[in-house]
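Have a look at the structure below, then the notes.
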Amino acid sequence: MKALIIAIDGPAAAGKGTLAVALAQHLGLPHLDTGLLYRAVGRLMLLEGRDCEGDDASDVAARLQPSDLKRDDLRLPEVDRAASLVAAQPAVRAALLQRQRDFAAAHGAVMDGRDIGTAVFPDADIKLFVTASAHARAVRRYQQYHGHDPSAAEISQLKAEIEARDHIDSARSVSPLKRAEDAILIETDDLTPDQVLARALDIVARHPKMTAENR
Ligand code: DC
């Protein structure tokens with residue numbers, strides 16, 4: 001396999017992560033969930049009692065260790081918010097940029113996040129923009145965190161939180177969440193994870209680097 005860089009961007013709980021893991025496994029590529037970088041910075045800021053909005057978090061970003069990404073307390077509601085706030089700090093994004101590029105340098109990678117196709121790898125071989133309605137994303141996120149279906153009230157609360165996060169991610173001045181012009185859109189509302197994967201594999205199979213290899 002030639003070093004292939006696949007960028008997967010999109011809003012929270014749209015199915016990017018599930019797709020990225022499956023795609024990387026199918027293609028034998030390394031995978032990086034870049035949201036974990038921002039989650040780890042947010043988590044460490046909270047542990048240090050610092051304000052994720054007002055305090056510069058770039059020192060935390062600069063000293064992030066691989067083990068910080070493996071913490072089991074990164075997918076919690078308070079960390080969702082902390083991550084979103086530190087991700088809006090330009091100095092934090094700058095401190096994490098080279099680390100993300102280095103990850104894919106040797107063997108290529110599947111990377112999922114918000115700005116992979118626009119800022120981290122604007123020349124990625126394949127760019128996918130994975131999205132779904134706020135309602136579908138709220139239901140999925142709830143099931144992920146609680147293991148059962150949400151009530152209507154819980155859906156509406158979570159939907160409001162997801163929309164607030166979408167707003168922070170899309171409205172920030174540096175590397176906002178935005179579909180790259182050359183990204184292929186995949187809307188996952190009515191698709192199973194397997195169907196999303198099949199669609200992505202089909203896109204990958206038609207890429208010149210893959211067709212050249214199969215000749
Ligand atoms: O994908 P996630 O929910 O784990 O991301 C956590 C936060 O990090 C989210 O608010 C968006 C932000 N993020 C980002 O700004 N850029 C990325 N490449 C990945 C995540």
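Computed from the coordinates by the stated procedures, all read-outs in this text should not be read as laboratory data. All values reported here derive from a predicted model rather than from experimental measurement. When we count neighbours, we look across all protein chains shown, and the Cβ atoms used for this are built from the backbone with ideal geometry, even at glycine.
Using a cutoff of 8 angstrom between alpha carbon atoms and counting only pairs six or more residues apart, the relative contact order for the stretch 1-132 works out to 52 percent.
Extension gain, Arg101 to Leu69: 0.36 nm times the residue separation minus the Cα-Cα distance gives 9.9 nm. Taking only the Cα atoms of the stretch 1-58, the ratio Rg/Rh comes out at 1.12, with Rh defined as the Kirkwood radius. Quick check on the stretch 1-121: take the gyration tensor over C-alpha atoms, sort the square-rooted eigenvalues as a ≥ b ≥ c, and tell me if it's rounded (a/c under 1.5), prolate or oblate. The shape class here is prolate. If you take the square roots of the eigenvalues of the alpha-carbon gyration tensor of the chain and sort them as a ≥ b ≥ c, do you get rounded (a/c under 1.5), prolate (a/b over b/c) or oblate? Verdict is oblate for the chain. Residues Asp33, Asp80, arranged from fewest to most other Cβ atoms within 10 angstrom of their Cβ, appear as Asp33, Asp80.
Approximating the spin labels as points 7 Å out from Cα along Cα→Cβ, the Thr192-to-Asp123 distance works out to 4.0 nm. When the label point is put 7 Å from the Cα of Asp166 along its Cα-to-beta-carbon vector, which residues of the stretch 187-202 have a backbone N closer than 14 Å? Only 187-189 pass the distance filter.
Using R0 = 45 Å, the C-beta based FRET efficiency linking Thr211 and Gln144 works out to 0.80.
Subtracting the Cα-Cα distance of Leu185 and Ser173 from 0.36 nm times their residue separation leaves 2.0 nm of extension gain.
Of the peptides 58-65, 46-53, 118-125, the order by per-residue mean of other Cβ atoms within 10 Å, starting with the highest, comes out as 118-125, 58-65, 46-53. Between the stretch 58-104 and the stretch 184-208, the C-alpha centres lie 28 angstrom from each other. Pairs with C-alpha atoms separated by more than 20 Å, drawn from the list Lys178/Lys209; Lys127/Lys209; Lys127/Lys178; Lys16/Lys159; Lys16/Lys127, are Lys178/Lys209. As a calculated quantity, the FRET efficiency between Leu76 and Gln25 at R0 = 22 Å, using C-beta atoms, amounts to about 0.25.
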